[in-house]
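Notes to accompany the following structure.
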Amino acid sequence: MGVRDPVVTDSPSADEYAGRFPEEIAGRLGSGPALGPRAAVDLAVIVQSREQLLYARLLDWGTALGLLVLVASFTAYVAGWLPPRVPVHELPSLWHHPVDEFTRLTGSPLGWAWLAELQRGDLAGLLGIGLLAACSLPSLAALVPLYLRAGDRAYAAICLAEIVVLSLAASGVLSAGH
């Protein structure tokens, strides 16, 4: 199929849509397929809310910081600027072990104990991963006062609930155990 080939389907329930382009059959959420050609959208007039822009800007900064930390920590590890907990030449002899045995043999930290070992090249990258995993938290927290000032208590509550759920999930408090 080429870039502008229409959607082809063998489904008898979709006969009226066979041979049409995807953008012609994609309707609004919950409204079913559009019955006519899609209206042209002028991208210059799309306006994002203040909340969307703030969330996006903070999320962008957070992901950029997380990626920067990942690249810097990996570079420091590969270049040998940070000593690893487990020397690279020992890894192949350890990889075949189950995780419990691997952590016992290497003395690798469990849970959040890795935070105390960020000076180790093989563990420093976890900071970048942690930043990427948590970058939505400040973005959500920044929305709460905006929603409260606007009187949107439901949206503020949803943001707070997301922060609580994500924080509890990251803390390990809600773990089911293994």
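Counting only protein heavy atoms and using a 1.4 Å probe, the accessible area of TRP61 comes to about 150 Å².
Net charge in the neighbourhood of TYR155 (other residues with Cβ under 13 Å of its Cβ; Lys, Arg +1, Asp, Glu -1) is 0.
Among 65-73, 118-126, 52-60, sorting by the average number of other beta carbon atoms lying within 10 angstrom of each residue, highest first, gives 118-126, 65-73, 52-60. Multiplying the residue separation of TRP112 and VAL165 by 0.36 nm and removing their Cα-Cα distance gives an extension gain of 17.3 nm. Shown is the FRET efficiency for THR63 and LEU91, computed with R0 = 41 Å from the Cβ-Cβ distance and rounded to the nearest 0.05: 0.90. Accessible area of GLU90 (1.4 Å probe, protein heavy atoms only, ligands and nucleic acids ignored): about 80 Å². Computed over segment 36-151, relative contact order equals 42 percent, with contacts defined as Cα pairs under 8 Å that lie 6+ residues apart. Accessible surface comparison of SER49, SER139, probe 1.4 Å, protein chains only, largest first: the order is SER49, SER139.
The values are calculated or read from the model by the stated rules, or taken from the named source; none is laboratory data. Everything numeric here is computed off the predicted structure, so don't read it as measured data. FYI the Cβ positions are ideal-geometry reconstructions off the backbone, even for glycines, and counts take in every protein chain you see. Please note that ligands, DNA and RNA were not included when accessible areas were found on the heavy atoms of the full protein model with its side chains. Shrake-Rupley method; radii C 1.70, N 1.55, O 1.52, S 1.80 Å.
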